[in-house]
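Everything on this sheet refers to the single structure shown next.
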Amino acid sequence: MYRVGIITASDKGSRGERPDQSAGVITGIITALGWKVVSCRLVPDDPAIIKDALLALADEEKLDLILTTGGTGLAPRDHTPEATKAVIEKEVPGIAEAMRAESMKKTPRAMLSRAVAGVRGQTLIINLPGSPKAVRECLAAILPALPHGLEILTGRGGECGAE
């Protein structure tokens, strides 16, 4: 079982002006896999606050996977990719590429996503979009590869050479 954290970046959500629906969607999908959501944070679209939340979940709570939602577009207050890039040690570009490719089948606006994915220590960090519908679509695109990636990253896979 993998330990997962969710960070929602939303100014309105953090002020209580809008409900955070995407975190609930993520939680439902993750728990259906048998994984455990151990931390769920709702923070403003502030790069320093997002960065601090990522560091706390990766370095202090030592989570296996952190999924962010929101802040990946072109709005002046969208800072999630920059905060993520500031904390990761290596990028995993195929994850964001797969999400954009799948989303492009549904809307040309998917090309405007600046989402990134990467690794910090033994934690995989993935930026998801902010809308519940887009979260579902993006997770569906990447979930087939995540168990294998997390096995490799965390060292909790099978025996050497086992598939």
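Read-outs throughout are calculated quantities, based only on the coordinates presented, and are distinct from any laboratory measurement. Since the structure is predicted, the reported quantities are computational estimates derived from the model, not experimental observations. Reconstructed Cβ throughout: ideal geometry from the backbone, glycine too, with neighbour counts over all protein chains shown.
General remarks:
- Residues of the range 1-45 classified as of a type in the set (Ser, Thr, Tyr) and within 13 Å of residue 68 (Cα to Cα), total: 5
- Test result for residue 86, under 20 Å from residue 115 (Cα atoms), touching a strand residue (DSSP E or B) at 6+ places or on another chain (Cβ under 9 Å) and assigned to a helix (DSSP H, G or I): no
- Here the range 78-112 is the region considered, the condition is being over 30 Å from residue 157 (Cβ atoms) and in contact with a helix residue (DSSP H, G or I) (Cβ under 6 Å, 6 or more places away or on another chain), and the residue that is surrounded by the most Cβ atoms within 10 Å (Cβ to Cβ) is 79.
- Selection of the range 116-131 for residues being small (Gly, Ala, Ser), without any contact (Cβ under 8 Å) to a residue 60 or more places away in the chain and surrounded by fewer than 24 Cβ atoms within 10 Å (Cβ to Cβ) yields only 118.
- Any hit, the range 17-30, residues being touching a strand residue (DSSP E or B) at 6+ places or on another chain (Cβ under 9 Å) and more than 25 Å from residue 150 (Cβ to Cβ): no
- When the range 47-75 is filtered for residues that are under 22 Å from residue 148 (Cα atoms) and of a type in the set (S, T, N, Q), only 68 remains.
- Taking the range 132-141 as the range and being free of Cβ contacts under 8 Å to residues at least 60 places away in the same chain, among the hydrophobic types (A, V, I, L, M, F, W, C) and either out of contact with any Leu (no Cβ under 6 Å at 6 or more places or on another chain) or surrounded by fewer than 19 Cβ atoms within 10 Å (Cβ to Cβ) (or both) as the test, the residues that pass are 134, 140, 141.
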